[in-house]
Amino acid sequence: MTPRSAPLRRHRLEILTPEGVRFGLPLAGPVARLVAWIVDALLIGAFMSAADKILSIFQSLNADWYAAANTIAFFVISVGYGMAFEWLWSGQTPGKRIMRLRVVDAQGLKLQFQQIAVRNILRFVDSLPVLYFVGGAAALLSRDAQRLGDMAANTVVIRQNQFAPVDPAIFATARYNSLLDYPHLAAVLRQRSAPALVDIALQAVSRRDELSPEAQLQVFGELGARFRRITRIPDEVMATLTDEQLVRNVLQVVTASRRS
Amino acid sequence: MILDLPRFIDSERSVWDELESILARLDADARAPMTVAEIARFHYLYQRSSSDLARMATFSAEQPTREYLESLVARAYAEVNTRDYTPRRFRPLEWLFGTVPRTFRKHFREFVLGVVITIVGSAFGAAAVHFDSSSKAVLMPFQGLLQTPAQRVKEEESAKGDRLKNVKSSFSADLMTHNIRVSLFTLALGITWGIGSVITIFYNGVILGAVAADYVQAGYTQFLLGWLMPHGVVEIPAILVAGQAGFVLAGAMIGWGDHRTRRERLRVVSADILNLAGTAAVMLVWAGIIEAFLSQYHQPVVPYNLKIAFGAIELALLTFFFARAGRIPPGHSRRQPRSPAHRP
């Protein structure tokens with residue numbers, strides 16, 4: 001008899017559009033959310049302190065009004081901070097922005113104000129008994145890393161990376177591509193190069209400047225060896241190529257498959 | 001087959017850039033007006049980018065471009081499927097005198113549930129004090145309520161000067177913020193399938209019943225009504241409205257007899273929950289002002305009958321407001337859809 005398992009944690013929120021297109025949003029982990037919350041908590045403290053400083057100007061005029069305004073300001077800042085920022089910054093607070101996190105609708109739709117308000121009101125329960133213990137436990141146990149407020153509001157917190165398409169210039173090679181002189185070799189490489197290997201090679205080429213010279217040698221050496229294992233590359237070709245140039249030439253052959 | 005990636009990016013990049021620029025414009029101003037031609041173009045760009053994503057997913061494992069396209073399509077998908085092309089702004093008066101009473105009536109059953117729980121709690125609290133006066137300390141762990149009614153009344157009526165002088169505003173602010181916190185907490189506990197909301201409302205009823213029984217038994221009914229009615233007729237319903245919102249949330253969590261998914265049920269009620277939370281907050285601001293500036297003053301400063309009459313008028317107005325305000329006459333819808341027959 002197998003024990004009942006808890007729902008499996010997902011790392012991506014998969015959405016299938018009515019047009020049949022599937023896309024995924026990377027879900028934020030609890031550690032990144034905790035750091036974002038710490039930043040926000042510090043900022044809330046700073047805002048409260050600033051409000052107190054500003055309001056203290058009026059203390060000498062009327063101490064009662066000063067105390068009342070202070071109480072209301074503290075309440076509005078503590079409850080309204082998350083709501084205001086998430087609404088104005090489309091699902092981000094300063095903490096979330098620093099950590100590149102964003103609150104989004106769980107079904108990929110546009111975030112509505114009522115969702116933001118409900119998820120922030122539910123903080124009263126999520127923060128119980130101290131330091132978001134309930135919310136943290138709920139997020140750890142939930143399939144989509146949702147705290148109770150996220151469940152009630154139909155929201156999830158995602159990681160928002162800076163995405164950009166790969167620069168087509170990286171496929172261009174100024175040098176003569178000797179692999180094109182061997183049509184059968186090019187055909188075998190196109191046929192047998194696994195998409196995952198091509199992807200790694202693309203990443204290596206596009207990010208080569210981020211690597212140290214030693215790392216470049218190692219990465220392109222290993223990738224060159226992988227491609228050489230796919231098919232035997234004649235010695236006269238290899239004699240004129242570095243590993244990096246081999247990888248670039250292979251990429252040109254493989255990705256530009258329909259070019260003449 | 002592997003996609004001819006350089007050619008693919010070369011040919012589609014302009015489409016993606018155009019879609020990105022529209023999305024950036026919408027991000028900057030969600031209510032930015034769009035012409036029909038712009039909407040059609042936006043939709044075309046979204047569909048074309050979706051198609052590109054589908055091709056990428058099928059024919060290429062190239063990660064950065066696919067992630068970029070996923071992010072782009074996700075943003076466009078949200079705009080296309082959610083965007084309300086009618087510019088609308090929040091109108092406080094329309095919300096207060098239209099949306100609030102309509103939302104209250106829409107979920108009246110949940111309000112009645114809160115009233116019933118409060119009555120049961122009050123009966124329990126009253127019975128506890130009646131049969132065991134020592135239970136006061138357990139039921140009402142507040143220093144101000146532990147003295148006997150006779151002591152309290154004597155103290156209040158013989159007070160020399162204004163005890164709340166120079167602290168009325170701050171006292172009022174304390175009451176407002178504390179009560180709004182309690183209300184929002186009661187609402188939020190609806191996520192526990194309503195169990196937490198039931199407990200909070202029941203306990204509120206227990207305290208109310210115990211205090212009432214204590215003063216009525218001691219023969220100070222008039223003092224009790226004069227003390228509680230001016231703010232209580234608004235404050236207690238406000239807590240019940242927050243409980244009502246909690247029960248709406250609980251109902252969506254449980255979903256008895258509702259074939260929709262939990263996510264769909266919660267999506268439908270989220271605006272109502274927010275409206276009820278706002279209603280409770282507005283009511284508690286009023287109750288906080290009245291409690292600090294009127295309820296704490298007793299005879300001979302303010303006659304009890306005047307305070308009771310004030311409370312009764314408030315209750316009548318509140319009842320009328322929730323029962324009648326914002327009603328839409330039969331045959332009229334809030335938004336008149338434009339049909340061909342209406343066109344000039």
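What follows is calculated from the coordinates using simple rules that are stated; it is not laboratory data. As the structure is a computational prediction, the values presented were derived from the model and not from experiment. Because the Cβ atoms are built from the backbone with ideal geometry, glycine has one as well, and the counts that use them run over all protein chains shown.
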- Query: Which translational diffusion coefficient, to the nearest whole µm²/s, is obtained for the protein assembly as shown from the Stokes-Einstein equation, given a Kirkwood hydrodynamic radius over C-alpha pairs, 25 °C and 0.890 mPa s?
  - Reply: 85 µm²/s
- Query: Taking neighbour counts of Cβ atoms within 10 Å as a proxy for exposure, in what order, fewest first, do A:Lys53, B:Lys160 appear?
  - Reply: B:Lys160, A:Lys53
- Item | Kirkwood Rh and Cα Rg combined as Rg over Rh, evaluated for the range A:168-255 | 0.93
- Where in chain A are the DSSP H helices whose alpha-carbon span along the long axis reaches 15 Å or more and whose Kyte-Doolittle mean is at least -0.5? A:30-55, A:63-88, A:195-206, A:213-230, A:243-255
- Fewest-first sequence of B:Arg102, B:Arg267 by Cβ atoms within 10 Å of each Cβ: B:Arg102, B:Arg267
- So what are the radius of gyration and Dmax for the Cα set of the range A:39-147, in Å? 16.4, 55
- Within a Cβ distance under 14 Å of A:Arg119, other residues only, what is the Lys/Arg minus Asp/Glu net charge? +1
- Query: When the Cα atoms of the range B:92-324 are enclosed in a convex hull and the volume is divided per residue, what value in Å³ results?
  - Reply: 124 Å³
- Task: Quantify how much of the Cα-Cα distance distribution of the range A:89-150 extends past 17 Å, in percent.
- Result: 45 percent
- Message: Between A:Arg12 and B:Leu145, what is the label-point separation in nm under the 7 Å Cα-to-beta-carbon projection?
- Response: 5.6 nm
- For chain A, the fraction of alpha-carbon pairs in successive 10 Å shells from zero, as %: 6, 21, 19, 16, 17, 12, 6, 3, 1, 0
- Note on the structure: Around B:Ile236 (Cβ within 15 Å, Cβ-to-Cβ, excluding B:Ile236; K/R +1, D/E -1) the net charge comes to -3
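What is the sum of charges, Lys and Arg at +1 and Asp and Glu at -1, for the other residues whose Cβ falls under 13 Å from the Cβ of B:Ala24? Write down the numbers at each step before the final one.
Values: positive: B:Arg25, B:Arg75; negative: B:Asp17, B:Glu18, B:Glu20, B:Asp27, B:Asp29, B:Glu79.
Once all neighbours under 13 Å are counted, the net charge is -4.
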